[in-house]
1. Below 8 Å, C-alpha to C-alpha, sequence gap of six or more: please give me the relative contact order for the chain in percent.
2. Which residue fluctuates the most in the chain, going by a Gaussian network model with Cα springs under 10 Å, if the choices are 154, 120, 60?
3. Once the piece of chain linking residue 155 and residue 26 is laid out straight, how much longer is it, given 0.36 nm per residue of separation minus the C-alpha distance between them?
4. Share of antiparallel DSSP beta bridges in the chain, in percent to the nearest 5?
5. Can you show me the helix-derived [θ] at 222 nm for the chain, built from DSSP H runs with n ≥ 4 at -39,500 (n - 2.57) apiece and divided by the number of residues, rounded to the nearest 500.
6. Between residue 142 and residue 170, what is the label-to-label distance in nm when each label sits 7 Å out along the Cα-to-Cβ direction?
7. So, R0 is 30 Å and r is the distance between the beta-carbons of residue 292 and residue 269; what FRET efficiency does that work out to, to 0.05?
8. Once the piece of chain linking residue 3 and residue 202 is laid out straight, how much longer is it, given 0.36 nm per residue of separation minus the C-alpha distance between them?
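Just so it is clear, none of the values below were taken in a lab; they were calculated from the coordinates. These numbers come from a predicted model, not from an experiment. Here the Cβ positions follow ideal geometry from the backbone for every residue, glycine too, while neighbour counts run over all protein chains shown.
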């Protein structure tokens, strides 16, 4: 069977599938459960400077098999309380990526330093949540701001820094390039798409916050397009996500340029057993297509798309 082990910068992964931030990452026990279920790594809930309750219910709406709309509001216990959860996940042997969010470069650097001190293997900077005022997309939609934030965190820590890029901008590829200039070891894409649903009987938005983020199979073509554009412009590894629920979904992302993959909505719908399904299925598909290693398939669609001799 094909070898699925990869390296994400200096971090070795036993397989390319990571638990996405915001799904199952609230506690150390849930992170450990995803690891034991076969994830190649786990990304924590996005953690801020202090406790945050998030938005009132309803915060989630599902749409059959094609997606989920959510506006959680980045609820989290804060960086003072979260290290004990990281310790549980690390104690289970998990490869842990700590996710943080903040409103400016200085705060990102402070939080990154605190999260790195917990022993996580890498950091993921949430520059892309589409519905939290003052955070996420609001601080991560301009290249200059992305570069400044990434550079500040890179200077503050000794672990690899991954910038999570928003699709809700004119040029996600340009944002990825800015993150690379700032010293990012990798970029991840995409976060949810800004979206809305309206209850026509109640004459108001379905979610209490109004605007939310769309995830699941419906966003896969957008995620693939972003990864494709980024692969053409940057040299650091790309972590692809958005609608991955089958081995062929994963393979599309890999051939578009992703070296690792995050899985979220599929877990919400089908549970953490999806990790075994994806790893076993992807290994079989790579073998059928003649790839001895996952690494050999990264960017394969770009090579096939180039004219002969180009």
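1. Normalised by residue count, the contact order of the chain is 19 percent.
2. Looking only at 154, 120, 60, the biggest GNM fluctuation is shown by 60.
3. Between residue 155 and residue 26, full extension yields 43.7 nm more.
4. So the antiparallel bridges in the chain amount to around 40 percent.
5. After summing the helix terms and dividing by residue count, I get -10500 deg cm²/dmol.
6. Distance between label points: 1.3 nm.
7. Numbers: r = 32 Å, r/R0 = 1.07.
E between residue 292 and residue 269, to the nearest 0.05, is 0.40.
8. Using 0.36 nm per residue and subtracting the Cα-Cα distance, I get 66.4 nm.
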